[in-house]
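Notes follow the structure.
The values are calculated or read from the model by the stated rules, or taken from the named source; none is laboratory data. This is a predicted model, so every value here is computed, not measured. With ideal geometry, Cβ positions are generated from the backbone for all residues, glycine too; neighbour counts draw on all protein chains shown.
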Amino acid sequence: MGSYESAEAAYWAFFTTFNARSASGRAGVMSYPHVRASAATIAPSITNTAEEFEASASWEAFDRAGWAWTQPITPRVMHRSPDKVHFAGGWTRFRADGSEISRNRLLYIASEMEDGWGIQGAFGVDDCLSGEAAREPSQAAMGLVERMMTTLAAGEVDAWLDCFHYPNLIVFAPGQIECYETREAVDQAYRPFFSAPTPISHETRIAATGPGAALVEQSITQGGVYFEQCFLVVERDGVWAASSVSAVRPNG
């Protein structure tokens, strides 16, 4: 549905239409299926059509909090391919008197489909931490991703499966979204490919942190194939694991 001329234009329209309280405008910003994942929710929210999105749009909860407008931050491009872009972005919500209600930092996934660019999805940490407050979630998330890479390189599928929360969301090429409800479903889909040791090299860093969550961006070469990805890593019941991932092939 998104029909913007660039990924950046779709990102800014995401907020312009929200501040305008335009349900149809919001629906027109998205690529479908559209997905949202956050630290606070166990299952991702997937909307399949613009009509479905428009019908569900509401500002009532924001009005109850005294919301007047949302100020987006300037996005940073993390990963880009000809038809998909990962932005490190986010927002702060304000009351009419200028006081702050809340803030968040997110991965925004923009994709180019038949009609143009739109927002395919977003992964949020449900706040934003910096400095010393970010140290613990950052270390936990980086440790989790390092363990994921080590077990994957060794072909230790059972240990690799322990690195994920379930249900688990994967965003592939534009319009291609998979939500695996159980560990068994991921096992069935990936064990044939990952059961043998595979050379892996990667560069990984934290993109954003919140209380009990982090966005981790990564460039990786696996078995000679290069790609880039971003994980939403979340702590649930004392366990840090990846709940969602989106991948980009820079050369399409």
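List of remarks:
- Among the residues of region 152-186, those identified as of a type in the set (D, E) and either modelled with pLDDT under 95 or under 22 Å from the mean Cα position of the chain (by Cα) (or both) are D162, E178, E181.
- Qualifying strands (runs of 3 or more DSSP E) (wholly inside region 45-140; at least 3 residues being under 16 Å from G210 (Cα atoms), of a type outside the set (K, R) and at pLDDT 95 or above): 84-95, 100-113, 116-124
- Of the residues making up region 186-224, those that are aliphatic (A, V, I, L, M) and in contact (Cβ under 8 Å) with a residue 12 or more places away in the chain are V186, A196, I200, I206, A207, A208, A213, A214, L215, V216, I220.
- Filter result (modelled with pLDDT of 95 or more, assigned to a loop (DSSP other than H, G, I, E, B) and closer than 28 Å to R95 by Cα) within region 1-40: A20, R21, S22, A39
- Considering the conditions (1) surrounded by fewer than 22 Cβ atoms within 10 Å (Cβ to Cβ); (2) touching a residue at least 24 places away in the same chain (Cβ under 8 Å); (3) aliphatic (A, V, I, L, M), A20 is excluded by exactly one of them, (2).
- Residues that are surrounded by fewer than 16 Cβ atoms within 10 Å (Cβ to Cβ) and among the charged types (D, E, K, R), drawn from region 202-252: E203, R205, R236, D237
- Of all residues in region 216-252, exactly one satisfies the criterion of being within 17 Å of V35 (Cβ to Cβ) and touching a Lys or Arg at 6+ places or on another chain (Cβ under 7 Å), namely V248.
- Any hit, region 52-60, residues being in contact (Cβ under 8 Å) with a residue 12 or more places away in the chain, within 28 Å of V233 (Cα to Cα), among the hydrophobic types (A, V, I, L, M, F, W, C) and surrounded by fewer than 19 Cβ atoms within 10 Å (Cβ to Cβ): yes
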